[in-house]
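The values are calculated or read from the model by the stated rules, or taken from the named source; none is laboratory data. As the structure is a prediction and not an experimental result, all values here were calculated from the model. Every residue, glycine among them, receives a Cβ derived from its backbone with ideal geometry; neighbour counts consider all protein chains shown. The area values use the complete protein model at the heavy-atom level, side chains included, leaving out ligands, DNA and RNA. Shrake-Rupley method; radii C 1.70, N 1.55, O 1.52, S 1.80 Å.
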Amino acid sequence: MRIKILLNGVGRIGKAILKQIINNKNFEIVAINEINPYIENIVYSINYDSTYGNLSDKFKIVNDSFIQNSNSKIKILNHANLADINLDNIDIIIDASGKKEDKNILKNLPIQAIFLTHPNANADINIILGANEKDLDPNIHKIISTSSCNATALLPALKLINDTKQILCGDIVTIHPLLNHQRVLDGHFVGSATRDVECNFEFGRSSTQNIIPNKTTTITACSLVLKEINSDLISSSSLRVPTDTVGAINVTLFTKEKCSKDEIINLFNEYEKNQEFPILLNNYEPLVSSDFKKENKTTIIDHRYTDVKNNNMIKLLVWYDNEWGYASKVVDILKFYINQNSKLSI
């Protein structure tokens with residue numbers, strides 16, 4: 001049996017998820033719901049991508065409301081609300097729209113589960129692999145958040161340090177590529193038409209000409225997964241930079257237990273050797289952000305910059321592909337959920 005999926009939204013994350021699922025024999029994306037009313041534009045944006053390259057097996061429009069390639073035939077829908085969609089043939093929804101839906105509406109949808117590709121305090125559970133996946137129970141968790149790209153990259157590293165050395169306090173700065181709700185040239189910013197974004201005047205400034213400081217919800221997202229990692233413990237901020245993908249996080253942590261640089265490096269080396277999921281990668285080479293493009297491991301520790309001062313101040317640099325890499329973790333969480341769910345079999 002193939003698990004039948006409705007993909008809600010094919011923006012940057014939705015498109016990356018689509019491309020990672022369509023060749024998996026265990027899953028079938030039977031429908032895409034998209035607020036873009038132009039099917040010609042939807043199929044064009046799926047086939048061609050300036051960041052990750054163009055599809056070799058391209059989709060074309062068939063029967064007016066379907067797109068098809070040699071592997072998949074997908075119905076295209078244009079509904080503003082998920083509750084208006086006929087879900088008789090759907091097992092799971094992956095909601096990559098960024099839209100905050102009413103929990104009661106989601107609870108009443110006649111499906112097994114809905115996966116939200118953003119942190120959500122109202123979800124039944126927020127999941128990050130390497131942090132709390134063992135808490136996932138398909139019998140009680142229907143609305144499942146797969147958190148954010150930043151938190152997905154950061155939290156496994158924070159958990160490892162906290163479990164072994166106990167974090168007393170710290171600070172993180174995310175260096176994040178530009179996103180579609182930003183402006184190419186200076187203009188107004190009063191919110192986003194496609195996602196829930198806090199009004200921020202700086203986002204009205206040119207994303208191609210500036211490093212733009214911003215608040216970040218990274219630590220808040222972490223706290224929805226592990227409550228002990230929160231904004232009382234770790235402060236945070238963000239810098240938006242004019243690159244297309246791959247972010248970095250500059251991490252400073254003060255710990256209760258003493259440690260050395262070699263000890264911290266060994267902790268991460270052991271983690272990589274024994275990890276259950278493709279999460280952590282230790283890097284020692286002289287690489288730059290584009291070298292990690294399309295890397296599916298999302299906690300990439302660059303040990304050229306790992307350091308310890310005065311036995312209890314740890315410095316880390318963490319790389320992550322904020323689109324393709326994060327999407328790979330959404331797919332990995334989906335696979336983990338299926339394996340835990342006796343009602344679904346593949």
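For the chain, give the share of DSSP beta bridges that are antiparallel, in percent and rounded to the nearest 5; count only bridges with both residues there. Expressed as a percentage, antiparallel bridges in the chain total about 45. Calculated FRET efficiency, Lys100 and Asp135, Cβ-Cβ r, R0 25 Å, to nearest 0.05? Result of the calculation: an efficiency of 0.65. Rounded to the nearest 0.05, what FRET efficiency is calculated for Asn36 and Leu87 with R0 set to 25 Å and r the Cβ-Cβ distance? The pair Asn36/Leu87 has a calculated efficiency of 0.75.
Carbon and sulfur atoms: what percent of the 1.4 Å accessible area of the chain do they account for? Walk me through the numbers on the way to the answer.
On the way: 7490 of 15870 Å².
The value for the chain is 47 percent carbon and sulfur by accessible area.
Could you calculate the contour length gain from Lys315 to Glu263, that is, 0.36 nm times the residue separation minus the distance between their Cα atoms, to one decimal place in nm? Write down the numbers at each step before the final one.
Working: separation 52, 0.36 × 52 = 18.72 nm, distance 1.29 nm.
Here the segment from Lys315 to Glu263 would lengthen by 17.4 nm.
In a Debye calculation with equal point scatterers on the alpha-carbon sites of the range 1-131 and no solvent, what is log10 I(q)/I(0) at q = 0.13 Å⁻¹? The computed values of log10 I(q)/I(0) come out as -0.54. Taking every pair of Cα atoms in the range 106-164, average 1/r, invert it to obtain the Kirkwood radius, and report Rg/Rh to two decimals. Taking Rh as the inverse mean 1/r over Cα pairs, Rg/Rh reads 1.03. Okay, which of the range 8-50 sit inside 19 Å, backbone N to the point 7 Å along the Cα-Cβ direction of Lys58? Only 15-16, 19, 38-50 fall inside the zone, counting backbone N under 19 Å. The residues of the range 82-138 present an accessible area of 41 Å² per residue when probed at 1.4 Å with all protein chains retained. Subtracting the Cα-Cα distance of Asn26 and Arg2 from 0.36 nm times their residue separation leaves 8.2 nm of extension gain.
Three semi-axes describe the equivalent ellipsoid of the range 192-346; taken as square roots of 5 times the Cα gyration tensor eigenvalues and ordered largest first, they are 26, 25, 18 Å. A 1.4 Å probe run over the protein chains yields, for the range 1-81, 48 Å² of accessible area per residue, whole-number rounding.
Taking 24 Å as the straight-line reach from the Cα of Lys159, the lysines in range (excluding those fewer than 8 positions away in the same chain) are Lys134, Lys215, Lys227, Lys256, Lys258, Lys261, Lys273, Lys297, Lys309, Lys315, Lys329, Lys335. Against the longest alpha carbon principal axis of the chain, how many degrees, from 0 to 90 and to the nearest 10, is the axis of helix 261-274 turned? The helix 261-274 is inclined about 30 degrees to the chain.
Give me the net charge for the shell around Tyr337: Cβ to Cβ below 13 angstrom, other residues only, Lys and Arg +1, Asp and Glu -1.
Result for the neighbourhood of Tyr337: -1.
For the range 109-129, the residues whose backbone nitrogen is under 20 Å from a point 7 Å from the Cα of Lys335, taken along Cα to Cβ, are 113-117, 127-129. When the helices of the chain are scored as -39500 (n - 2.57) per DSSP H run of n ≥ 4 and the total is divided over every residue, the value at 222 nm lands at -7000 deg cm²/dmol.
Pairs of C-alpha atoms in the chain farther apart than 29 Å represent 40 percent of all such pairs.
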